[in-house]
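The values are calculated or read from the model by the stated rules, or taken from the named source; none is laboratory data. On a predicted model such as this, the values are computed, not experimentally measured, just so you know. Reconstructed Cβ throughout: ideal geometry from the backbone, glycine too, with neighbour counts over all protein chains shown.
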Amino acid sequence: MSVRPIIRFPDPLLRTACAPVTVFDDDLRALVADLLDTMRAAPGVGITGPHVGMLKRVVVIELSREDGVRTYINPEILSSSEETMRHMEGSVSMPGMTEEIVRPKCIRFRYQDIDGVAHEAAAEDFLAICIQHEIDQLDGIFWLQRLSKLKRDRLTKKWEKIRT
């Protein structure tokens, strides 16, 4: 497939909620394949439709080549643990910028696969963090919005210096 251009922060598309996928066809398969190629080239471990300007609820995650590729269409969190964990997060739309974010350690979620078949699953630790991060993106919540105003402002200023 092909590597697509990645939308960069502060593009408003990164703060726009996505429409659910309703058609499971070759165009969707092509988007998923392009997302995987784009994520690997970035490099990153997760990517969504909005990262390439497609406002569709599509997530591709590959924590490692050994773990394999995970594709989630129309994912939504059903429940989250009270136990949390801290993890450094960033985005392919803001390369080089990271900050620690606290999220639930475990989640239960539902999604559809590439053929439209519904599934429920549980995730914990790093995978749970990644899924939550990418679902936020689908909901129009860019990861910086999970930071305190002070940390968000500091990272934004640093990003502006790097970009110019």
Which ones in region 26-57 are assigned to a loop (DSSP other than H, G, I, E, B), without any contact (Cβ under 8 Å) to a residue 60 or more places away in the chain and touching a strand residue (DSSP E or B) at 6+ places or on another chain (Cβ under 8 Å)?
-> LEU55
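Counting only residues that are surrounded by fewer than 16 Cβ atoms within 10 Å (Cβ to Cβ) and either at pLDDT 95 or above or under 13 Å from the mean Cα position of the chain (by Cα) (or both), how many does region 81-113 have?
Pass one, region 81-113, residues surrounded by fewer than 16 Cβ atoms within 10 Å (Cβ to Cβ): 81-84, 86, 88, 96, 98, 100, 102, 108, 110, 113.
Subsequent filtering for residues that are either at pLDDT 95 or above or under 13 Å from the mean Cα position of the chain (by Cα) (or both) retains 81-84, 86, 88, 98, 100, 102, 108, 110, 113.
Qualifying residue count, region 81-113: 12.
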Out of the residues in region 4-20 that are of a type in the set (A, V, I, L, M) and surrounded by 15 or more Cβ atoms within 10 Å (Cβ to Cβ), which is nearest to GLN137 (Cα to Cα)?
-> LEU14
Among (1) over 19 Å from LEU147 (Cβ atoms); (2) without any contact (Cβ under 8 Å) to a residue 24 or more places away in the chain, which single condition is TYR111 missing?
-> (2)
LEU78 of a type outside the set (Val, Ile, Thr), surrounded by 15 or more Cβ atoms within 10 Å (Cβ to Cβ) and outside any loop (DSSP other than H, G, I, E, B) = no
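Looking at region 90-110 only, could you name the residues that are in contact with a His (Cβ under 6 Å, 6 or more places away or on another chain) and not polar (S, T, N, Q)?
Answer for region 90-110, where residues must be in contact with a His (Cβ under 6 Å, 6 or more places away or on another chain) and not polar (S, T, N, Q): just VAL92.
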Which one of these is surrounded by 18 or more Cβ atoms within 10 Å (Cβ to Cβ) and without any contact (Cβ under 8 Å) to a residue 60 or more places away in the chain: VAL23, VAL60?
-> VAL60
Check region 59-71 and report whether any residue there is touching a Phe, Trp or Tyr at 6+ places or on another chain (Cβ under 9 Å) and farther than 28 Å from TRP159 by Cβ.
-> yes
